[in-house]
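Student: Shown below is the structure under consideration.
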Amino acid sequence: MSDVNQGIASFVAVGDSFTEGMNDTEGLNDAAPDGGFRGWADRLAEMIAERDPGFRYANLAVRGKLLGQIVNDQVPAALSLLAEAPRPALVSIAGGGNDLLRPGGDPDSLAELFDAAVARLRQAGSQVLMFTGFDPRGFPLSLIRGRVAAYNMHLRGIADARGCDLVDLWSMRSLAGSSAWSSDRLHLSSRAHREVAERAAEVLGIIPASGTEPPPLVWSSVERGKPIGRAAWLAARRADAQWAREYFAPWVQRRIAGISSGDGRAPKRPGLLPLTAPADTR
């Protein structure tokens with residue numbers, strides 16, 4: 001964790017839907033592009049811009065991208081932008097979740113790919129911000145919990161070895177509740193994007209740590225065994241059925257067809273520009 005950040009002149013965010021900002025619509029204006037979202041990275045950039053005059057920001061993240069696509073496409077684009085960018089420069093990189101959702105997603109192989117990307121960014125002189133995966137306990141993704149945990153251990157090791165800043169989403173208990181997630185149960189709510197941005201700002205030393213005592217990281221036996229009434233159980237099952245129809249079934253259909261939600265979609269902010277400048281320079 002950075003103690004006191006001495007300034008950030010440029011910030012490039014790379015990744016998937018998490019970094020693109022799905023499904024954060026809070027604070028968007030009519031000028032937002034079709035399907036555009038705000039997200040933690042935009043919020044963090046706004047916090048940096050308040051403090052650092054001349055600050056420039058790009059967001060290359062695209063929903064649905066696998067880690068290999070992020071590393072092969074977005075990381076070189078980020079390096080190209082940063083080659084002539086004002087210093088000091090920050091790059092955030094988050095990815096691998098879409099890979100772990102697929103059969104055969106291997107945390108060890110993903111970690112090797114991630115480490116190589118981080119090494120390139122660090123060799124270019126960039127400060128790097130990383131994120132662990134969140135704890136999927138209690139969500140439809142709970143079956144991959146072990147793989148996420150193994151991947152997180154690799155990410156922590158990479159951050160330590162490469163001298164990167166790390167935001168530990170797994171330990172953020174505020175992300176465990178349903179209010180932290182949008183209706184598709186895969187993407188954060190606006191409130192949670194705001195909390196992630198604030199946590200990232202604390203890790204980077206942009207704002208002081210909140211100083212509040214964090215809740216325990218281990219789920220208690222009382223929480224695990226909490227009884228639920230029949231009416232609440234039936235309501236939950238109806239909600240599950242609706243979620244399966246609206247979100248899970250289309251996701252499965254896309255996987256069978258080999259289609260990604262990000263196919264043909266360009267980054268929302270491909271140019272390294274001041275926040276007051278138009279985001280879309282295509």
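Student: Work out the P(r) tail for the stretch 120-169: percent of alpha carbon pairs separated by more than 13 Å, whole number.
Tutor: Working: 719 of 1225 pairs.
So the portion of pairs separated by more than 13 Å is 59 percent.
Student: Next up: For the stretch 149-161, what does the Karplus curve 6.51 cos²θ - 1.76 cosθ + 1.60, with θ = phi - 60°, yield as ³J(HN,Hα) per residue in whole Hz, taken in order and with x for Gly and Pro?
Tutor: 4, 5, 4, 4, 4, 4, 4, 4, x, 5, 4, 5, 5
Student: For the stretch 68-74, in order, what is each residue's ³J(HN,Hα) by Karplus, 6.51 cos²θ - 1.76 cosθ + 1.60 with θ = phi - 60°, in whole Hz (x at glycine and Pro)?
Tutor: Ordered by residue, 3J(HN,Hα) equals x, 5, 5, 5, 7, 10, 7 Hz.
Student: Normalised by the number of residues in the stretch 65-202, what is the relative contact order in percent for Cα pairs under 8 Å and 6+ residues apart?
Tutor: Relative contact order, the stretch 65-202: 22 percent.
Student: Residues with amide H under 5 Å of SER92's amide H, sequence separation 5 or more or different chain, H placed in the peptide plane at 1.01 Å from N; which?
Tutor: For SER92, the qualifying residues are VAL12, ALA13, VAL14, LEU129.
Student: Also, I was wondering about something else. Under 5 Å between amide H atoms, partner at least 5 residues away or on a different chain: which partners does SER189 have, H built in plane at 1.01 Å?
Tutor: The list, which skips near neighbours in sequence, is TRP181, SER182.
Student: When only C-alpha pairs under 8 Å and at least 6 residues apart count, what is the relative contact order of the stretch 98-177, in percent?
Tutor: With pairs under 8 Å counted, the relative contact order is 37 percent.
Student: For the stretch 14-88 and the stretch 117-132, what is the separation of their C-alpha centers, rounded to whole Å?
Tutor: 15 Å
Student: List the GluC sites (Glu not before Pro) within the stretch 32-108 that fall in a DSSP loop (any state other than H, G, I, E or B) and whose Cβ has at most 16 other Cβ atoms within 10 Å. Intermediate values should be presented prior to the final figure.
Tutor: Working: sites: GLU46, GLU50, GLU84; in loops: GLU84.
Those that pass, being in a loop and sparsely packed, are GLU84.
Every read-out reported here was derived from the displayed coordinates using simple, explicitly stated rules and does not represent laboratory data. Keep in mind that this is a model prediction, so the values were computed, not measured. Please note: Cβ atoms are built from the backbone with ideal geometry, for glycine as well, and neighbour counts cover all protein chains shown.
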